[in-house]
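**Student:** Structure provided below as structure tokens; questions to follow.
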Amino acid sequence: MSALTVKHSTPLCQLQDAGRFGVRHLGVTQGGALDWVSMAWANKLLNNPPHAAVIEVTLGGLTLIAEEDCCLALAGADLGALLDERPITPWRSFFLRKGQQLRFIQPISGARAYLAAPGGFDALEVLGSCATVGREGLGGLDGSGKALREGDQLNYSGTSFELQVLADHLTPDLNDQRPLDVVLGAQIGQFSGTSLFDAFNSDWTLDSRADRMGMRLMGPELVYQGRPMISEGIPLGAIQVPPDGQPIILLNDRQTIGGYPRLGALTPLSLARLAQKLPGTVVRVRAVVQEVARREQVRFVKRFQV
């Protein structure tokens, strides 16, 4: 068994996998990697299952020490990673020698990097997942929901000796300016006509009030004209509109039910792109037909099927 030791970390550096499913009726949220696409590519570079446990490094601040010679893979954001003093760019696997340090400094491009180990990192699974959700006290190394901390030891039992680099035509563009795709929701017809025009024809700025629960958009005020709602289940990517008219896109650590009206929900592929955008970034959204979004999702996921 090989291991990495955490020398320095922040609350935003966590163990994640695909998340928990089949438990939302218990009030337990999904959790899991926000940029699931980058997680899947990091794992594929080591021939892991796409959902194997990885480290999600948000904005940097993580330093790891190799306890044995090993091979890891990095995908997602460029956080200025250094192996000792040698830069390591994403979308590749690389060797570490015993005693070497891997540091993530600060964002150069994107917000979240994903570090994979052969076979995935070992961690206690709670309700079928090791995904870290601090609010619920679930996941992480020991199942208690804690982020990575100084002194933690990350073990893994797989081996990999073949270095790989993701082909350019497969590498996601973290600066992709295309609008984010939205499947329209049940309350879409109860917003004013002006609000619907503004929602899909205006620039929206990502507010600094953002975390793994959701990201707030700042822009035109959207006006809901329907009756007060009874709380209902909240899907991943739901775009809720609270009374102030500023939409909130709900992410993996969202609440399980809510009573604000929804424009719809971002597609999973658009959510992965959103997860790499920093506060202050300007985005747009566009409506897509559900079946079109489904076909695109299926086509992408087939890349990772053995």
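The values are calculated or read from the model by the stated rules, or taken from the named source; none is laboratory data. Bear in mind the structure is a predicted one, so any value in this text is a computation, not a measurement. Using ideal geometry, Cβ is built from the backbone for each residue, glycine included, and neighbour counts are taken over all protein chains shown.
**Student:** Need pairs with beta-carbon distance below 9 Å; first residue closer than 18 Å to G264 by Cα and free of Cβ contacts under 8 Å to residues at least 24 places away in the same chain and within region 289-305, second of a type in the set (K, R) and assigned to a helix (DSSP H, G or I); sequence gap 6+ or separate chains.
**Tutor:** If the second residue must be of a type in the set (K, R) and assigned to a helix (DSSP H, G or I), no pairs are left.
**Student:** Could you list, in sequence order, all residues of region 1-18 that are surrounded by fewer than 24 Cβ atoms within 10 Å (Cβ to Cβ) and either closer than 16 Å to L236 by Cβ or without any contact (Cβ under 8 Å) to a residue 60 or more places away in the chain (or both)?
**Tutor:** Answer for region 1-18, where residues must be surrounded by fewer than 24 Cβ atoms within 10 Å (Cβ to Cβ) and either closer than 16 Å to L236 by Cβ or without any contact (Cβ under 8 Å) to a residue 60 or more places away in the chain (or both): just A18.
**Student:** When R227 is evaluated against the numbered criteria (1) touching a Lys or Arg at 6+ places or on another chain (Cβ under 9 Å); (2) farther than 26 Å from F21 by Cα, which criterion, by number, is the only one it fails?
**Tutor:** (1)
**Student:** Continuing with the same structure: Going through region 49-73 one residue at a time, which ones are over 14 Å from Q16 (Cα atoms) and either hydroxyl-bearing (S, T, Y) or surrounded by 24 or more Cβ atoms within 10 Å (Cβ to Cβ) (or both)?
**Tutor:** Matches in region 49-73: L62, T63, L64, L72, A73.
**Student:** Please specify each residue of region 163-196 satisfying the condition of being among the aliphatic types (A, V, I, L, M), touching a helix residue (DSSP H, G or I) at 6+ places or on another chain (Cβ under 8 Å) and surrounded by fewer than 14 Cβ atoms within 10 Å (Cβ to Cβ).
**Tutor:** Hit for region 163-196 is L170, nothing else.
**Student:** Can you tell me how many residues within region 263-280 are surrounded by 15 or more Cβ atoms within 10 Å (Cβ to Cβ), closer than 17 Å to N175 by Cβ and over 13 Å from the mean Cα position of the chain (by Cα)?
**Tutor:** 0
**Student:** Please determine whether any residue of region 254-262 is surrounded by 21 or more Cβ atoms within 10 Å (Cβ to Cβ) and part of a strand (DSSP E or B).
**Tutor:** yes
**Student:** Which condition breaks for N155 when tested against (1) closer than 12 Å to L15 by Cβ; (2) under 20 Å from the mean Cα position of the chain (by Cα); (3) in contact (Cβ under 8 Å) with a residue 60 or more places away in the chain?
**Tutor:** (2)
**Student:** Considering only region 8-24, how many residues are β-branched (V, I, T) and more than 14 Å from A131 (Cα to Cα)?
**Tutor:** First, pick out the residues of region 8-24 that are β-branched (V, I, T): 10, 23.
Next, from what is left, pick out any that are more than 14 Å from A131 (Cα to Cα): 10.
Qualifying residue count, region 8-24: 1.
**Student:** Looking for whichever is farther than 23 Å from G143 by Cβ, in the same structural domain as S144 (by TED's automatic domain parsing) and touching a residue at least 60 places away in the same chain (Cβ under 8 Å) here; the options are A81, A116, A75, A131. Which one fits?
**Tutor:** A75
**Student:** Sticking with this structure for a sec: Given A113, A147, A131, which one is assigned to a loop (DSSP other than H, G, I, E, B), surrounded by 24 or more Cβ atoms within 10 Å (Cβ to Cβ) and in contact with a strand residue (DSSP E or B) (Cβ under 7 Å, 6 or more places away or on another chain)?
**Tutor:** Just one listed residue meets the conditions, A131.
**Student:** If D203 meets every condition in (1) assigned by TED's automatic domain parsing to the domain that holds E291; (2) surrounded by 15 or more Cβ atoms within 10 Å (Cβ to Cβ) apart from one, which number is that one?
**Tutor:** (2)
**Student:** Of the numbered conditions (1) farther than 18 Å from V241 by Cβ; (2) among the aromatic types (F, W, Y); (3) in the same structural domain as A272 (by TED's automatic domain parsing), F161 fails exactly one; give the number of that condition.
**Tutor:** With respect to (1) farther than 18 Å from V241 by Cβ; (2) among the aromatic types (F, W, Y); (3) in the same structural domain as A272 (by TED's automatic domain parsing), F161 is out only on (3).
**Student:** To continue, here is another question. Can you name the condition, by its number, that P107 falls short on among (1) under 24 Å from T132 (Cα atoms); (2) part of a strand (DSSP E or B)?
**Tutor:** Among (1) under 24 Å from T132 (Cα atoms); (2) part of a strand (DSSP E or B), P107 violates only (2).
**Student:** Would you check which residues across region 106-143 are polar (S, T, N, Q) and more than 20 Å from G22 (Cα to Cα) and list them?
**Tutor:** Q106, S109, listed by residue number.
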